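Since the structure comes first, as structure tokens, the remarks are kept for the end.
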Amino acid sequence: MGKPNPKRLGLPLSEWPEPWRRGWERACQPPGFLDERGGAANWSPRRQRQATYDAGRYVAWLAAHEPAAVGNPSLIAATTPKTLADFANHELARGLKASSIATAIGNAIGVARAIGPEPPPEHLRALWTVVEGLEGRATRERRSPREIARPEDLYLAGFAEMDAALGPDGRIADANRYQAGLMVALLAAAPVRIGNFASLELGRDLRLSEGGWHIRLDAERTKTRRRDIWPVPEGLRGDLEYFLEEGRPVMLTRARRPAGHARLWVGAVGQPLEHQGVRQRIKEVTERQLGRAISPHSFRHSAATAFVVDHPERPREAAALLGHAGFRTTERHYVRSSRQLSIRQMQAFLERFRRQRDQEEADPHPDDLPR
């Protein structure tokens, strides 16, 4: 292990002390036929990566501030309530939230347990008291208010942005702006998690069938490890297909080399538009159309909040709307069976609102007619 750099955020796994590195790699490996399952072998790849990163931060701190600890062959034995508390104070001083630090320390403890050996129960309880203290502090911290907009406002903002991207002949004059407007309208109607939304691929995730367009996310690509299906509302179908036929091909031609990727969203030079690029465009559209930037995750809050307000007698269906597992494991089948109804009810409301708005603009109020 090289000389620790106190300014470094975390150590990659390759630079961990050898016993800890080998122990964690072994814990993540699927077991052989006669082998015992590793302590983290049943964790999802995403959870393993996050735990490795969080534990790497803790290991880097130990190397910089408690160098004697890294000589211990057991990470769990080298970890004490004091080292965790000191690490937490260090992270708090850097400006991190208590809730984030609690999660990171919880992951570090999980990695240490998976490496082994299993510590005495009293030692493990003492370690978790640090996490509990941080969680208690997190509940006392004042949360920054999240911008919540009505789903119908978000939906209409997307259409307004697409309209603004059209030229006098009614064709797309600004493909970037048209795409950004489509993002907002589609996310309002199908508020999937931003990671999935940004990486949508034609043919894999976005498909056309006899029933129309659908977003279909396979189980291995969702946070809940369950298949996720979102129908695209019929009122948005024409705009989506127009973008696929006219806007997206133009954007792909900007690439220096032929861009044959299947990603739905396209960047400035024809490349797949990544997570942060999608997020930025959505915030720009909402700020331009609504006067304040709305983050993609707030679309999910907006959908759930609006559903509960509109249907106060059915609050549990808001969980079904967003594809959550539900309030209790025993209600899982109820959530699954009601989710598609919840989605269609929300989308029907958005379409009714848009048609009503268009009708009001097309037909002047009787009081406005010349006498």
Pop the C-beta distance of ARG94 and HIS297 into the FRET formula with R0 = 25 Å and round what comes out to the nearest 0.05.
0.60
I want the local charge near ARG216. Using Cβ-Cβ distances under 9 Å, sum +1 for each Lys or Arg and -1 for each Asp or Glu among the other residues.
0
For the range 113-126, Karplus couplings with θ = phi - 60° (6.51, -1.76, 1.60), whole Hz, Gly/Pro x:
5, 5, 5, x, x, 4, x, x, x, 5, 5, 5, 4, 5
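Report the full-extension gain for the segment ALA262 to HIS65: residue separation times 0.36 nm, less the Cα-Cα distance, to one decimal in nm. Kindly include the intermediate steps, with their values, before the conclusion.
On the way: separation 197, 0.36 × 197 = 70.92 nm, distance 4.77 nm.
Length gained between ALA262 and HIS65: 66.1 nm.
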Listing ILE215, ILE343 by rising number of other beta-carbon atoms within 10 angstrom, fewest first, gives ILE215, ILE343
Extension gain from VAL250 to ARG49, taking 0.36 nm per residue of separation minus the Cα-Cα distance
68.7 nm
Would you mind computing, in nm to one decimal, how far apart the modelled labels at VAL269 and ARG237 are, each placed 7 Å from Cα along Cα→Cβ?
3.9
Karplus ³J(HN,Hα) for the range 81-87 (6.51 cos²θ - 1.76 cosθ + 1.60, θ = phi - 60°; Hz, whole; x = Gly/Pro) runs x, 5, 5, 5, 5, 5, 4
Pop a pseudo-label 7 angstrom from the Cα along the beta-carbon direction at both ARG216 and ASP363 and give the gap in nm to one decimal.
4.0
Can you list the residues, at least 5 places off or on another chain, whose amide H is less than 5 Å from the amide H of LEU206, using H built in the peptide plane?
GLU201, ARG216
Given 60-67, 199-206, 250-257, the highest-first ranking by average Cβ count within 10 Å works out to 60-67, 199-206, 250-257
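Taking the Cβ-Cβ separation of LEU202 and ALA138 as r and a Förster radius of 45 Å, what is the calculated FRET efficiency to the nearest 0.05?
0.65
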Determine ³J(HN,Hα), in whole Hz, for all residues of the range 207-219 in sequence, where each value follows from phi through the Karplus function 6.51 cos²θ - 1.76 cosθ + 1.60 and θ = phi - 60°; x replaces Gly and Pro.
10, 10, 10, 4, x, x, 7, 9, 9, 10, 9, 5, 4
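All of the numbers you see were taken from the coordinates with simple rules; none came from a lab. None of the values given here were measured: they were computed from a predicted structure. With ideal geometry, Cβ positions are generated from the backbone for all residues, glycine too; neighbour counts draw on all protein chains shown.
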